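J.: Please read through the structure below; I'll follow up with questions.
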Amino acid sequence: MKTLLKKTASLLLTLLLTSFLVFLAFELIDGDPARTMLGDQATEQRVQALQAELGLDKPFFTRYIGWLGGFVTGDFGVSFSYRQPVWEILAPKLGPTAVTGALAFLLITVCGLPLGLFSAHWKHPAVLAVRTFFEQLIMAVPPFVLGIGLSWGFGVVLHAFTPGDFPALSEDPLGAVRYLFFAALALAVPRIAMTARMLRMSVSGELGRDYVRASMARGATRRQALTRHVLKNALPATVAFLAQTMAELVGSGVIVEQVFGVPGVGRLLVASIGNRDYPVVCTVIVMLAFFVLVSGALADAVNLMIDPGRRGGKSHA
Amino acid sequence: MQRKFTAIVLALCVLLLTLTACGSKGNNGTNDGTDANGAAARRSANELAVGIAQDLDESLDPHYAVAAGTREVMFNVFEGLLKPDPDGNLIPAVAKAVDVENDGTTVRITLRENVKFHNGAAVTLRDVLYSLDRNRDETGGEALIPALTAIETAETTGENELTLTLSEANPEFLSYLTFAIIPADYTEQATAPVGTGPYKFISRKALDNIVLERFDDYWGEKAHIQKVTYKIIENAEGLLLGLQSGALDLVNHLTVTQAASVKSEDFEIREGTMNLVQALYLNNAVKPFDDLRVRQALCYGVDRQKLLDLAFDGHGTLLGSSMYPAFTKYFDASLTDTYSYDPAKAKSLLAEAGYPDGFEMTVTVPSNYQPHMDTAEVLVDQLGKIGVKAKIDPVEWGVWVDDVYTERKFMSTVIGVDASSMTARAMLERFVSDYGKNFINYNDPDYDRLFAEAQKTFDDGKQVALYKQMEKNLAQNAASVYIQDLADMVAVRKGLTGLTFYPVYVLDVAALSWSGQ
């Protein structure tokens, strides 16, 4: 109970710090929101009038405290660019991003883990060479290129979906999920290779250890040793890696969202940074930070479930 | 443990299989709604999907919206008393007639009858006055349209008549009467705009789409297409994929290379101009660009035709001053050849100015504008040949507006300058020495004098002559290295007709129609 309290407190503190740093970053970087919005035709008076309207003429701390006060009471403020409440803009973006992330994560675990486990058995040098070649190739392909390739292949040639015509999640959920499946594929493919490699390496590391030989000496087959003991020890590192992947998926979907034309959080974040629309940026970043922290905590919990003896981070065997 | 793991993997596999099966079933089931058939479905429903690279991420209030991309879309939603036609003339819109009397100091506006707002209300003189006052109000500093402050009185002189008295005559005054007429005291313009145009605004989803629908009570010839969806796809490859997949029917502002990749049996490529002056703008106040010989040397040192060939496949219109050809009345084609490519002359001018070995310079370019980046790269290469070591400093748009345009902390920049209204003044006033937006710090007493004189001249012919002299002044003083008006490549789905190019940055959707509809 005490640990839980402590963890929650540290989570809140981290979020607070994150929001402060984002706010500070906007203070430091070039580009005034009002001037960016009004563009090259604006007169100084109009810029000043807009600054006053947006509250930008107030001192830094007043603005930060004002924003924070709103945020904790559930008022995320009004977007500078769209003149709409931040939540109104952000809410419809959450669905597509969450679905894409979830599908990608599913693909990664379903394909990556078995691949990693089984490819650890492979011994033949030619097979290994082919494996390395494909692994490197897949990991090296930029998401942008992969996205265009997949859109072209599945969209334009095979007509499995219509790139650029994302159906709204609320109106055509099945169609939207089908569409997002391909975006998720573009996100997942490089990470499947990474996950497989990650698991394989920790499995291979464990396979050479004494306890494996001991187990096999007691009559267990190599396969039994692998699934009964090795996996248990090799998994925590992979789970941590997957947690990190989960966090990354939400943030790094920007390119894929852009190529596939998915109205998601990533695109909103990038556009809002460009517009210096910091009510939107701060809300999105704090939300992402929360998600990253929670996935980290989740990974710890999963690892604890796999091996309750690991409490305190001591390694097994 | 083993069993649990196998079970989990199996369960996930089943889930994935169901999902893909689901997907492929959906694919077979709704094939009419996807691929190029999506375009056929839109066509038979008399709908249109336009791909745009820039979101309308600002206030949609027509008097406050500033982005060219916003104006391009909202041109279909709003109208002024007058509006531009494709040839650059002003034609009556919400006004039935606008008459200029008393040597140009009295403007009599007769309101058109039966003009309705999208909310159903009839347009009254009160709405016109409200819209006018909003744009000329000076209480918050400078008026939204400074030229409208020339109005001394605006009085209702008849049931449908408004008379403006001007402090001084100006032949360009009428071009400012294109400001949007909006309903008086309506407070939701920023997010739910209401105008009088052939299309009414339906919805905006941030970074997703904007939907317009035909306004059936429009006073003039009604639009043909029932519903227009603008899809926001920031990524050029995404736009191209959208065309090929059937998601989009029309995309404009494509580069030459991009347009070449869509040429297929489904599309026609049309070429217009972007209506802007792309140049290597030089900060005339900093060394060495305060020296006329250095600026001229750069003009001689740039092979513009080769630049067009290299970066734009030969498309684009070469320019020699701050005016583009669509402004037929003011454009002087002879200025284009003020400087022909002559590297030897460039070098000798540099030596004369005290730079026999050239100098180093920075070209600040907003990195989100690929054509400007491409141009800058060719420029760097060409300038290298006359000994000028240029390097590109790519910056974000917001930073460009701040540093280059506002603070004027730059040496040179590649950018396209366009006109905010259909007047020569909009193109040329920005180089008057004490003008607030003279970002290149151009300072020539002759130029200032010509401008002041042009503002006082009511005779249209004489005023045009003065503006042309100003253009010549910019060219001869090598204010900047004028390059081109960029080609505007438009991909249009076959069967879609009526695409018209305007001298201003708009896409007239009301003129478009599907053949056979």
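The values are calculated or read from the model by the stated rules, or taken from the named source; none is laboratory data. Quick caveat: nothing in here was measured; it's all calculated off a predicted structure. Please note: Cβ atoms are built from the backbone with ideal geometry, for glycine as well, and neighbour counts cover all protein chains shown. We work out accessible area using only protein heavy atoms, side chains counted, and drop any ligands, DNA or RNA first. Shrake-Rupley method; radii C 1.70, N 1.55, O 1.52, S 1.80 Å.
J.: Which whole number gives the average, over all residues in B:204-217, of C-beta atoms from other chains lying within 10 Å of the residue C-beta?
T.: 4
J.: Follow-up question, since we're still on this one. Within the accessible area of the protein assembly as shown, what % is carbon and sulfur when the probe is 1.4 Å and the other protein chains stay in place?
T.: Reported share for carbon and sulfur atoms: 58 percent.
J.: For region A:162-184, which residues drop by 20 square angstrom or more in accessible area between the chain on its own and all protein chains together (1.4 Å probe)?
T.: Buried by the other chains: A:THR162, A:PRO163, A:GLY164, A:ASP165, A:LEU174, A:ARG178, A:PHE181.
J.: Another one. Rolling a 1.4 Å sphere over the protein heavy atoms, what is the accessible area per residue of the protein assembly as shown, to the nearest Å²?
T.: Result: 43 Å² of accessible area for each residue.
J.: Order the peptides B:177-184, B:276-283, A:296-303 from the highest to the lowest mean number of other Cβ atoms within 10 Å of their residues.
T.: B:276-283, B:177-184, A:296-303
J.: Let me ask something else about it. Which lysines does A:LYS232 reach when only Cα atoms under 22 Å apart count, and residues fewer than 8 places away in its own chain are ignored?
T.: Result set, ordered by chain and number: A:LYS314, B:LYS4.
J.: Can I ask one more? Enumerate the calculated ³J(HN,Hα) couplings along region A:175-185 in order (Karplus 6.51 cos²θ - 1.76 cosθ + 1.60, θ = phi - 60°), each rounded to whole Hz, writing x wherever the residue is Gly or Pro.
T.: x, 5, 5, 4, 4, 5, 4, 6, 5, 5, 4
J.: Compute the label zone of A:ALA140 within region A:193-207: residues whose backbone N is under 17 Å from the point 7 Å along Cα-to-Cβ.
T.: Residues passing the 17 Å test: A:193-194.
J.: Send over the per residue convex hull volume for region A:2-72, Cα only, as a whole number of Å³.
T.: 91 Å³
J.: Keeping all protein chains in position, work out how much accessible area B:ILE269 exposes to a 1.4 Å probe, and write it in Å² to the nearest 10.
T.: Its accessible surface works out to 40 Å², give or take rounding.
J.: What is the dipole size for region A:2-72, taken about its Cα centre, with +1 at each Lys and Arg Cβ and -1 at each Asp and Glu Cβ, in debye to the nearest 20?
T.: 680 debye
J.: Per-residue ellipticity at 222 nm for chain B, helices alone: DSSP H runs ≥ 4 residues times -39500 (n - 2.57), over residue total, nearest 500 deg cm²/dmol?
T.: -9000 deg cm²/dmol
J.: Given the C-alpha centroids of region B:71-143 and region A:234-306, what is the distance between them in whole angstrom?
T.: Here the answer is 49 Å between Cα centres.
J.: Summing Lys, Arg as +1 and Asp, Glu as -1, what charge do residues with Cβ under 15 Å from the Cβ of A:VAL292 carry, A:VAL292 excluded?
T.: -1
J.: Please compute the average number of Cβ atoms from other chains found within 10 Å of each residue's Cβ in peptide A:271-277.
T.: 4
J.: Here's another thing I want to ask about it. With a 10 Å radius around each residue's Cβ, average the other Cβ atoms per peptide and rank B:458-470, A:261-273, highest first.
T.: Most protected by this proxy first, the peptides run A:261-273, B:458-470.
J.: Distance check, please: which entries in B:LYS345/B:LYS391; B:LYS83/B:LYS494; B:LYS347/B:LYS409; B:LYS287/B:LYS389; B:LYS389/B:LYS472; B:LYS96/B:LYS456 exceed 20 angstrom between their Cα atoms?
T.: With Cα atoms farther than 20 Å apart: B:LYS345/B:LYS391; B:LYS83/B:LYS494; B:LYS347/B:LYS409; B:LYS389/B:LYS472; B:LYS96/B:LYS456.
J.: Still on this structure, please answer the following. If one computes the Cα centroid of region B:321-354 and of region A:65-118, what distance in Å separates the two points?
T.: 53 Å
J.: Compute the signed sum of charges (Lys and Arg +1, Asp and Glu -1) over the other residues within less than 11 Å, Cβ to Cβ, of A:TRP122.
T.: +3
J.: Rounded if a/c is under 1.5, else prolate if a/b is larger than b/c, else oblate: which is region B:127-177, with a ≥ b ≥ c the root eigenvalues of its Cα gyration tensor?
T.: In terms of gyration-tensor shape, oblate.
J.: In whole Å, what are the extents of chain B along the principal axes defined by its C-alpha atoms, from largest to smallest?
T.: Projected onto its principal axes, the Cα set of chain B covers 84, 70, 47 Å.
J.: Another question about this same structure. So if I restrict to the alpha-carbon atoms in region A:198-317, what is the Rg, and what is Dmax, the biggest pairwise distance, in Å?
T.: Reported Rg and Dmax, both Å: 20.4, 66.
J.: Roughly how tilted is helix A:231-251, in degrees to the nearest 10 and between 0 and 90, from the longest Cα axis of chain A?
T.: Long axis of A:231-251 versus the principal axis of chain A: about 20 degrees.
J.: When chain A is treated as a GNM, springs tying every alpha-carbon pair under 10 Å, which of A:PRO279, A:PRO92, A:PRO59 comes out with the largest mean-square fluctuation?
T.: A:PRO59
J.: Separate question: Say the dipole of chain B comes from +1 at the beta carbon of Lys and Arg and -1 at that of Asp and Glu; which of B:PHE431, B:PRO198, B:VAL490 then lies farthest toward its positive end?
T.: In chain B, that residue is B:VAL490.
J.: Still on this structure, please answer the following. So who's got an amide H within less than 5 Å of the one on B:VAL363, skipping anything under 5 residues away but keeping other chains? H placed 1.01 Å off N, in plane.
T.: B:LYS391, B:ILE392, B:ASP393
J.: If each DSSP helix of 4+ residues adds -39,500 (n - 2.57) and the sum is divided by the residues in chain A, what number results at 222 nm, nearest 500 deg cm²/dmol?
T.: So the calculated ellipticity at 222 nm is -23000 deg cm²/dmol.
J.: Going by amide H atoms built from the backbone, whose H comes under 5 Å of the H on B:ASN209, apart from near neighbours?
T.: When sequence neighbours closer than 5 places are left aside, the close amide H contacts are B:ILE232.
J.: Compute the Kirkwood hydrodynamic radius of the protein assembly as shown, taking the inverse of the mean of 1/r over all pairs of distinct Cα atoms, and give it in Å to one decimal.
T.: Hydrodynamic radius (Kirkwood, Cα only) of the protein assembly as shown equals 30.2 Å.
J.: For peptide A:139-148, how many partner chain Cβ atoms fall within 10 Å of a residue's Cβ, on average?
T.: Other-chain Cβ atoms within 10 Å of each residue's Cβ, averaged: 1.
J.: Moving on. Ballpark to the nearest 100 Å², how much total accessible area do B and A bury together, probe 1.4 Å?
T.: Roughly 5300 Å² of accessible surface disappears when B and A pair.
J.: Take each of the peptides B:68-75, B:215-222, B:475-482, average the number of other beta-carbon atoms within 10 Å over its residues, and list them starting from the highest.
T.: B:475-482, B:68-75, B:215-222
J.: Under a Cβ-Cβ cut-off of 9 Å, what is the net charge of the residues other than B:PHE359 that fall near it, where Lys and Arg count +1 and Asp and Glu count -1?
T.: 0
J.: Which whole-Hz ³J(HN,Hα) couplings does region B:416-431 yield from phi under the Karplus relation 6.51 cos²θ - 1.76 cosθ + 1.60, θ = phi - 60°, glycine and proline marked x?
T.: Once rounded to whole Hz, the list reads x, 9, 10, 9, 7, 9, 7, 10, 5, 4, 4, 7, 9, 5, 5, 10.
J.: Among A:LEU13, A:THR43, A:ALA25, whose Cα sits farthest toward the positive end of the charge dipole of region A:2-72 (+1 at Cβ of Lys/Arg, -1 at Cβ of Asp/Glu, about the Cα centre)?
T.: The listed residue farthest towards the positive side: A:LEU13.
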